[in-house]
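So the structure is just underneath, and the comments pick up after that.
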Amino acid sequence: MEEVCICCFSKIQFESLIKQDPSFALRIIGYLGQKRYENILNSGKEAGGTVKERLLRLFYRLAEQYGQKRPTLTLIDLKITQQELADMIGSSRVMVIHALNELKAANIIDQEKRYYVLKNDPCLSAHKFE
């Protein structure tokens with residue numbers, strides 16, 4: 001987890017801020033455009049492949065963002081439900097459960113309490129999931 005600061009203001013205050021500093025508006029537009037572009041790229045990546053492949057790509061992406069490296073595994077420090085996983089890859093919960101069971105049987109992933117764990121497999125680490 002990272003520390004964040006939340007700023008809250010009304011629409012009128014926001015408009016006033018933009019009028020005072022137009023470069024602020026450009027920075028916001030640039031940031032939102034970049035986030036939208038990243039989301040489009042990620043959704044396109046998740047669209048192809050089997051449920052198991054999409055799920056594994058998602059786990060690798062989550063491990064990059066939220067992973068805690070350990071000697072033999074990477075703990076994804078994010079409590080996430082099977083339904084949330086399904087929503088993220090555009091699949092049903094039933095199909096995700098089936099894919100999770102296959103990945104667990106192949107000793108690729110595991111679960112510690114409500115956290116998913118990505119095992120360090122030399123064959124998998126040679127393959128780049130993008």
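The values are calculated or read from the model by the stated rules, or taken from the named source; none is laboratory data. Being a predicted model, the structure only gives us computed values, none of them experimental. Ideal geometry is used to build each Cβ from the backbone, glycine not excepted, and the neighbour counts take in all protein chains shown.
Remarks
- For the range 49-81, the candidate set comprises residues that are within 15 Å of the chain's Cα centre (by Cα) and exposed (fewer than 13 other Cβ atoms within 10 Å of the Cβ); within that set, the residue that is nearest to ALA99 (Cα to Cα) is THR81.
- Considering the range 108-124, and only residues there that are surrounded by fewer than 10 Cβ atoms within 10 Å (Cβ to Cβ) and assigned to a helix (DSSP H, G or I), the residue that is modelled with the lowest pLDDT turns out to be PRO122.
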